[in-house]
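The values are calculated or read from the model by the stated rules, or taken from the named source; none is laboratory data. Quick caveat, the model's predicted, so the values are computed rather than measured. Reconstructed Cβ throughout: ideal geometry from the backbone, glycine too, with neighbour counts over all protein chains shown. Protein only, heavy atoms only, side chains kept; ligands, DNA and RNA dropped before computing areas. Shrake-Rupley method; radii C 1.70, N 1.55, O 1.52, S 1.80 Å.
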Amino acid sequence: MRTNSRNFYLIPYVLWIALFVVTPLLLVLYYSFFDIEGHLTLENYRKFFTPVYLKMTLSSFWYAFIITLFSLLIAYPTAYLLTKTKHKQLWLLLIILPSWINLLLKAYAFLGIFGTYGAANSFLEAVGIGGRQILFTDFSFIFVSVYIFLPFMILPIFNSLDELNPTLLDASNDLGGSSWVTFKRVIFPLTLDGVKAGCQIVFIPALSLFMLTRLIAGNRVITLGTAIEQHFLVTQDWGMGSTIAVFLIIAMVLIMVLTGRRKRGIL
Amino acid sequence: MKNNRKWPAVYLALIFIILYAPIFYLIFYSFNSGGTMYQFEGFTLDWYRELFADTRLLIIVLNTVIIALLSAAISTIIGVAGALAIAYARKRRVKNTLLSLNNVLIVSPDVIIGASFLILFTMIGLKLGFVSVLLAHIAFSVPIVVLMVLPKIEEMSTSMIYAAMDLGASRLDVLTKVILPYITPGVFAGFFMALTYSLDDFAVTFFVTGNGFTTLSVEIYSLARRGVSLNINALSALLFLFTIILVTGYYFITKRNEKPNGMGVRQ
């Protein structure tokens, strides 16, 4: 009885996995061995190891790293202070709320704010620094990316801080630990899981951003994601696009292994 | 530590201001009678009027909502089946394999999901458009539903199922009268998550949508690339309102989730 009903539930789900998880990944791998004319070749892989693509990969990783770093630096204190507030679940919800607003609209808002006559420039002029080009620079790209990923970094860190047993802090205090020592030796190590999860949630999408690079960075920044989109939708070179995708998947798996298994239910 | 208690509040306030500024910036300028996002000339509702007169855009909104509702409903059904399949898998290895495969689409960058689905749909000869977008949205929503429903099933005591079977319930009765009512909050949470994922998605849709069919995100992207136009602002104000309603609904459902014995819960 149990066995039969179990098999019954498995059918639609396993079908879904086979069709939409396993097959697409295999197809990407398959296509990576074809050049633009449809010949079976390893040319794409050779091309990937030329300076053009290696430089792009490196800069993509660099931007993702910077974005993750800034998100973490801003998110950790935020999450920490949030756990100290009275109605912390409500405040957390308010922090998460902007992440539910369509991503494109937020990016679009920054077109106005960072534009030549936008709010940011008016502010700079008001304080006497003077207006300057903000949109289409590295700064605007990193700022907007951090803005977008911030809630995703705060959430897992908040959860792990929230689970922290407060008696441990008292113990550290009683044993003479200063607040910095307590943070370094007790709080941070115990919330490392949340930090890792947050970095994972931010780093992987940051590697593959593509619409922000076009809207905010004005095509100046090319990430792996931009390159994949370019190859698939503009130059129609699916083979090279797939090859880059294969490397992105490898990078993703490596990051997952490095940062450990993500805890369930963190999203 | 205690003598400067103002700084935490200032820091948190700053984070909140930064997180909400772009959204309110957009909404503020949606009432601007001038056509730009930097000079407020006077109050007007023209942009809203224009929005509601724009049949093409309204059809796109309708498309987006239909896709979201349909994909959320279908992915909820598959996801619940999947959660049941995972929960009732007897072998640990089967369970872990299913869970890992389930998480592939959650951690994969959108670009890779989009590109691989594009290959898949082209391979099986599916015309890009409504159906391909719908299938893609179902595909990436299923794992979310599984993750939302699974904990609910696992916390449910199996003795309830045995009791029902001892009392002569058929397999269908067990599912509809015992399991489903118990996991309803999880199912609703999964449905809402799937809904917001679908409404919010840009990257995957961008890949699998053909020429004739667009969703809101894709449309905003192409509008934003052409520059600022204030009916997008009006649209974003409405979407913000809608999101708040959705989030509030979701908040109350998860609240109910936490307190399964609360009053007014239909059993």
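Some points to look at:
- Inter-label distance, nm, simple model (7 Å from Cα along the C-beta direction), A:Tyr45/B:Arg93: 2.9 nm
- Converting phi to 3J(HN,Hα) with the Karplus coefficients 6.51, -1.76 and 1.60 and the offset θ = phi - 60°, the range A:76-90 yields 4, x, 4, 4, 4, 5, 4, 5, 8, 6, 6, 9, 5, 5, 5 Hz in sequence order, with x at every glycine or proline.
- Accessible area in square angstrom per residue, the protein assembly as shown, 1.4 angstrom probe: 48 Å²
- Using a cutoff of 8 angstrom between alpha carbon atoms and counting only pairs six or more residues apart, the relative contact order for chain A works out to 28 percent.
- Computed from the C-beta positions of B:Thr122 and B:Glu154 and an R0 of 45 Å, the FRET efficiency is 0.70 to the nearest 0.05.
- Rounded to the nearest Hz, the phi-derived 3J(HN,Hα) couplings of the range A:96-113 under the Karplus curve 6.51 cos²θ - 1.76 cosθ + 1.60 (θ = phi - 60°) are 6, 3, x, 6, 8, 7, 3, 3, 4, 5, 5, 4, 4, 4, 5, 4, x, 5, where x marks glycine and proline.
- A DSSP coil position with no more than 13 other Cβ atoms inside 10 Å describes the following trypsin sites (Lys or Arg not before Pro) in the range A:75-159: A:Lys86, A:Arg132.
- Largest GNM mean-square fluctuation among A:Leu212, A:Leu81, A:Leu72, using chain A with Cα springs under 10 Å: A:Leu81.
- Under 5 Å, built H, 5+ apart or other chain: amide partners of A:Phe34: A:Thr41
- Surface composition of the range B:116-267: carbon and sulfur atoms hold 64% of the protein heavy-atom accessible area at a 1.4 Å probe.
- Average Cα contact separation per residue, chain B, under 8 Å, 6 or more apart, as relative contact order %: 29 percent
- Neighbour-limited loop hits for chymotrypsin sites (Phe, Trp or Tyr not before Pro), the range A:1-108 (at most 14 other Cβ within 10 Å; DSSP other than H, G, I, E, B): A:Phe49
- Under the criterion of Cα pairs below 8 Å and six or more residues apart, the relative contact order for the range A:115-267 equals 23 percent.
- Accessible surface, 1.4 Å probe, highest first, among residues B:Leu69, B:Leu26: B:Leu69, B:Leu26
- Buried on assembly, the range B:224-242 (at least 10 Å² less accessible surface than by itself, 1.4 Å probe): B:Ala224, B:Arg225, B:Val228, B:Ile232, B:Ser236, B:Leu239, B:Phe240
- Efficiency of FRET between A:Thr167 and B:Lys255 - r from beta-carbon atoms, R0 30 angstrom, step 0.05: 0.60
- Buried accessible surface for the A/B chain pair comes to about 7700 Å², total over both chains, computed with a 1.4 Å probe.
- By the rule of a C-alpha distance below 21 Å, with chain neighbours fewer than 8 residues away ignored, the lysines paired with B:Lys177 are B:Lys152, B:Lys259.
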